[in-house]
Amino acid sequence: MKAASIKELKLELSSRSQSELVELCLHVSKFKKENKELLTYLLYEASNEPAYVESVKHEIAELFTQVNKRNNYFIKKSVRKVLRTVKKYIQYSKKKETEVELLLCFCNELKKLSPFMDESTALTNIYLRQIEAIKKTIHSLHEDLQFDYQIELKNLLK
């Protein structure tokens with residue numbers, strides 16, 4: 001089966017009734033956890049972005065407390081899992097400010113693993129790639145926000 005294009009889906013969805021749309025959304029949400037999470041974000045969290053960012057920051061901090069510190073391999077694997085989660089939450093929001101804040105939080109938490117960061121080039125590379133992503137995203141923001149985030153970024157790099 002070939003998937004329909006976005007334009008075709010939009011046209012078909014616009015011709016459906018409200019009850020059919022509700023039924024389709026519920027059906028889609030049953031298939032994957034990500035679909036249900038996205039629907040939850042759109043219905044409950046999108047209207048209050050600062051609260052969403054704060055809740056995700058708390059989750060990032062919690063995930064970093066659960067990092068397996070037995071050896072560098074497990075640390076790297078756990079950090080990548082946290083990063084995947086952060087990227088998923090960024091993708092739900094699609095706002096550049098949210099992306100910068102969540103990546104800054106991720107890098108701050110990663111930096112707290114400093115004895116392991118110094119030993120592992122893989123962790124250092126993950127950190128540096130996220131710093132570059134932050135810099136790239138900051139340049140697409142408004143000048144005032146750029147200034148604020150540049151200060152936070154400089155504090156992170158110290």
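For residue 113, indicate whether it is farther than 25 Å from residue 45 by Cα, in contact with a helix residue (DSSP H, G or I) (Cβ under 9 Å, 6 or more places away or on another chain) and surrounded by fewer than 11 Cβ atoms within 10 Å (Cβ to Cβ). Even if it seems obvious, please write down each step before you answer.
Details: farther than 25 Å from residue 45 by Cα: yes; in contact with a helix residue (DSSP H, G or I) (Cβ under 9 Å, 6 or more places away or on another chain): yes; surrounded by fewer than 11 Cβ atoms within 10 Å (Cβ to Cβ): no.
Spelling it out, it is not the case that residue 113 is farther than 25 Å from residue 45 by Cα, in contact with a helix residue (DSSP H, G or I) (Cβ under 9 Å, 6 or more places away or on another chain) and surrounded by fewer than 11 Cβ atoms within 10 Å (Cβ to Cβ).
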For segment 39-47, state whether one or more residues are at pLDDT 90 or above, within 23 Å of residue 135 (Cα to Cα) and not acidic (Asp, Glu). no
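Matching residues to (1) in a helix (DSSP H, G or I); (2) closer than 27 Å to residue 140 by Cα; (3) touching a residue at least 24 places away in the same chain (Cβ under 8 Å):
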{"residue": "52", "(1), (2), (3)": "yes, yes, yes"}
{"residue": "59", "(1), (2), (3)": "yes, yes, yes"}
{"residue": "68", "(1), (2), (3)": "no, no, no"}
{"residue": "88", "(1), (2), (3)": "yes, yes, yes"}
{"residue": "110", "(1), (2), (3)": "yes, yes, yes"}
{"residue": "124", "(1), (2), (3)": "yes, yes, no"}
{"residue": "128", "(1), (2), (3)": "yes, yes, no"}
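Conditions tested, residue by residue: (1) of a type in the set (Phe, Trp, Tyr); (2) surrounded by 14 or more Cβ atoms within 10 Å (Cβ to Cβ); (3) over 18 Å from the mean Cα position of the chain (by Cα); (4) modelled with pLDDT of 95 or more.
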| residue | (1), (2), (3), (4) |
| --- | --- |
| 94 | no, no, no, no |
| 109 | no, yes, no, no |
| 118 | no, no, yes, no |
| 125 | no, no, yes, no |
| 144 | no, no, yes, no |
Identity of the residue in segment 13-48, in a loop (DSSP other than H, G, I, E, B) and of a type in the set (Lys, Arg), that ends up surrounded by the fewest Cβ atoms within 10 Å (Cβ to Cβ): 30
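Listed residues 84, 80; which is out of contact with any helix residue (DSSP H, G or I) (no Cβ under 8 Å at 6 or more places or on another chain), closer than 30 Å to residue 121 by Cα and in a helix (DSSP H, G or I)? Explain how you work it out, then say what you get.
On the way: 80 fails: out of contact with any helix residue (DSSP H, G or I) (no Cβ under 8 Å at 6 or more places or on another chain).
Answer to the check: 84.
The values are calculated or read from the model by the stated rules, or taken from the named source; none is laboratory data. Remember, predicted model here, so these are calculated numbers, not experimental data. Every residue, glycine as well, gets a Cβ built from its backbone with ideal geometry; the counts of neighbours run over all protein chains shown.
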